[in-house]
Amino acid sequence: MNIHDRVVQSFNKLTPDEATKARIHGRLRAQASSHHHSPLRHSHRRLGIALAITILFCATVFAATQLHKYVNWKGEPVPEPNLYDGLSEKDVSVREQNRSWALRVGDLIPDNTHSEYWIAYRISPDGAVDEKFAVVKTINRRFDTYAAFQAAISAEGVLLMPEKIPEGFSLEKAEVSYTLPHILAPVMLDEQKAADDVLLRRYALPPEKDRYLTMYRLFFVNQQNRSLLITCELHNRSSIPDNLRIEGNSNARSVIIDGMDKALLVGGDVSQPSAEANPATMSVIMRHKSVLSTANDQGTRRWDYIDVMTDIPGAGPLLVHLYSDYRIISYGGLSQDDLLNIAGTFH
Amino acid sequence: MTQQNLDNQLDIEAIYARNVDMVYRVCFSFLKNKADTEDAVHDTFMRCMRAAPRFANEAHEKGWLVVTAGNLCRNRLRHWWRKNTPLDETAFSGNDGPPTHDDTLDAILALPDRYKVSLYLHYYEGWPAGDIAALLRRPASTVRNHLSEARRLLKERLTDDEHT
């Protein structure tokens, strides 16, 4: 068979089934009706989601910008954090080289599949493979229902989640991410050099991958097309930020949320009467500090793989802390009280 | 709902029915997983609905949708949930791959993204390189080079597979 026929045959295999077409069609119809009533509403919602993505994923980018500022858990302004405070010139240089290597390698790693995943290792100038310096791609999974998402989080056992879909909203998307450590990789399938200083190894995906959940994102929308985004991130021991990045024109104040170690309410005007719906973006940032017994709570998980546990001073090696952060971001659909009520249902 | 809205809705229904297979195939060739592909297909038709372009004919309509789908997929790949940490670097990728194993399909999915729209239009839809060039607003020689390079890479990959 010639190339032309093979390409046509392969593209034919990508034809969506009727159920898929009906599902996309249903989403379009639902949004088309609100689009016709108010063409701007949809774009506002998309903008809202885009802003949320910016807030969440720019958290580790320490570039100065007038659009953002940093506050502590009391809501007080603090200086922009400097990754290299207290480091010698040589250490700064090493970190920069490591960071630059990791960024470059991210583009060299193939996508993970259902059955396998890739890890990139650094090859030292002397030709040795530095197995402690690795870059992995996370594995993502989406859930169609909130019940399925809840089951995944419950099975993981440490991260918290809202007890139910917030009232008046429906689930638009639930995504979780798993980060598999190189020390977990039980079966290496093969390896190849991707560059002079990069070795790629391909591993069979272990069946216990679902236990290594490190992040989730929930997107909700209400009938007025107002969005609500909830995110969770498990912290690495070496990067538990106490400088929180928020939008430049926001105010922030400390609040108490049952079950949380720290919490901050962030909004355009948090002095509004609490019962009044605030049309602007408003969010709650929360930190949960678990105390785990390494002897009893670790179970079959290898938490040490991403260095997530932090020793508790004086508690000995059996008790550790584990930190996870949560953000609930409302784009105008909730009053301050409603937002705080949702925060109080995390368990 | 006004008559105009009804007409628009009828148009988009017809446009969807005519083109959903094509848009889905193109998006999958970029994104390589079903969940993202569904989102991208949805976004492509939503954009069509919002922009409400006046299509001269069905070829124009098809071309507009293919280019829009390709652009949305590239944006999605560029910006999608990337987060960097110093060690154990993380990035994101979907994990629900193509429905069945196919060496040719694997080779197509592995092609550089810049070749995919041209490849699809030329081989699957039968467009000549000149028409693709006009649609993509690129010189015809560039499109021909892209097709030639894509063909070379596919042959190379498929030959390798046959030898292993």
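Considering only the range A:296-334, how many residues are at pLDDT below 65 and in a loop (DSSP other than H, G, I, E, B)? Walk me through how you get there before you give the answer.
Quick first cut of the range A:296-334, residues at pLDDT below 65 only: A:296-307.
Among the residues that remain, those that are also in a loop (DSSP other than H, G, I, E, B) are: A:296-302, A:307.
Residues flagged as at pLDDT below 65 and in a loop (DSSP other than H, G, I, E, B) within the range A:296-334 amount to 8.
Okay, residues lined up against (1) farther than 30 Å from residue A:247 by Cα; (2) facing another protein chain (nearest Cβ under 9 Å):
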| position | (1), (2) |
| --- | --- |
| A:76 | no, no |
| A:86 | no, no |
| A:95 | no, yes |
| A:110 | yes, yes |
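Identify, please: which residue in the range B:88-131 is of a type in the set (Val, Ile, Thr) and at pLDDT below 85 and is, among those, farthest from residue A:100 (Cα to Cα)?
Here is the first cut: in the range B:88-131, the residues of a type in the set (Val, Ile, Thr) are B:90, B:100, B:104, B:108, B:117.
After this cut, where a residue has to be at pLDDT below 85 as well, the list is B:90, B:100.
Values: B:90: 14, B:100: 37 Å.
Ranking the qualifying residues of the range B:88-131, first place goes to B:100.
Would you say residue B:119 is away from chain A (no Cβ under 13 Å) and either among the aromatic types (Phe, Trp, Tyr) or closer than 23 Å to residue B:32 by Cα (or both)? So that I can check it myself, show each step before the final result.
On the way: away from chain A (no Cβ under 13 Å): no; either among the aromatic types (Phe, Trp, Tyr) or closer than 23 Å to residue B:32 by Cα (or both): yes.
Considered against the rule, which asks whether it is away from chain A (no Cβ under 13 Å) and either among the aromatic types (Phe, Trp, Tyr) or closer than 23 Å to residue B:32 by Cα (or both), residue B:119 comes out as no.
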Q. Within the range B:11-26, can one find any residue that is facing another protein chain (nearest Cβ under 9 Å) and modelled with pLDDT under 80?
A. no
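Sort out which residues of the range A:61-102 are under 30 Å from residue A:263 (Cα atoms), of a type in the set (A, V, I, L, M) and at pLDDT 65 or above, and write them in order of number. So that I can check it myself, show each step before the final result.
The initial filter retains those residues of the range A:61-102 that are under 30 Å from residue A:263 (Cα atoms), namely A:61-86.
If we keep only those that are of a type in the set (A, V, I, L, M) as well, we get A:61, A:63-64, A:67, A:71, A:78, A:83.
Matches in the range A:61-102: A:71, A:78.
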Q: Kindly indicate whether residue A:272 is within 23 Å of residue A:166 (Cα to Cα) and at pLDDT below 75.
A: yes
Q: Return yes or no: is residue A:224 assigned to a loop (DSSP other than H, G, I, E, B) and away from chain B (no Cβ under 14 Å)?
A: yes
Q | Single residue of A:45, A:6, A:41 found to be of a type in the set (Lys, Arg), modelled with pLDDT of 80 or more, in a helix (DSSP H, G or I) and touching a Ser or Thr at 6+ places or on another chain (Cβ under 9 Å) | A | A:6
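The values are calculated or read from the model by the stated rules, or taken from the named source; none is laboratory data. In this text the structure is predicted, and so the values were computed from the model without any measurement. So basically every Cβ, Gly included, is an ideal-geometry build from the backbone, and we count neighbours across all protein chains shown.
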